[in-house]
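Read the structure below first, then the notes.
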Amino acid sequence: MMTETGQMPGRAELYLATHKNVNGAYVNEAAKVVCEKIQQTLSQRTVDESIISPDDAIGKVLGKEHSGRVRCLGLGVVPTRVFKQARPRFSGMNASSVSCPSNCQENYNKLLNSHNQMMAAFKSYMIMKEGTLPEQFVGLFAPPPTMVNIMFTFSLPKCAYYISGMFGLD
């Protein structure tokens, strides 16, 4: 194409040339529709189509380029390099992101409180209906372990016994 015209073809010319057969017929009906839209856009152009931009005929007809490719420019070409546009990046922390941990903690506490209330209501309902808490549900209503509970569960004599057994000292 460059030898015929003496100048670099634009993306639109490349698209039109690659979607026609040798005899000039379009390769399929979908290509014909797109090529007609490109030709219509080219006839109304106000900018030089040899300059590659996201607003050229291809960009107007086929839409925004995906992040990993640019149509009609071959393999390995990406929009950030061709159009000299960087994708927006989030930098630093803004005021709303700083408040997120405290907001999340507050939501967690509300959820935990609601859960505890429902479990207490469920426990009292079971006791009211059964007269006592069934044995298989006792563990369900046990309070979650805390560091104090864990420390008292493993008292020093038990720990010494387990450690001596691990090392064959008993």
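Details
- Listed by chain and number, the lysines placed with their C-alpha closer than 26 angstrom to that of Lys64 are Lys20, Lys32, Lys37, Lys84; residues fewer than eight positions away on the same chain are left out.
- With the convex hull drawn around the C-alpha atoms of the stretch 2-82, the volume per residue stands at 113 Å³.
- Charge dipole of the stretch 2-82 about the Cα centre (unit charges at C-beta), most positive-ward option of Ile38, Gly76, Gly59: Gly76
No lab work stands behind these numbers, since they all come straight from the coordinates. Note that the structure is a prediction, hence the values are computed from the model and not measured. Note that we place each Cβ from the backbone using ideal geometry, even for glycine, and neighbour counts take in every protein chain shown.
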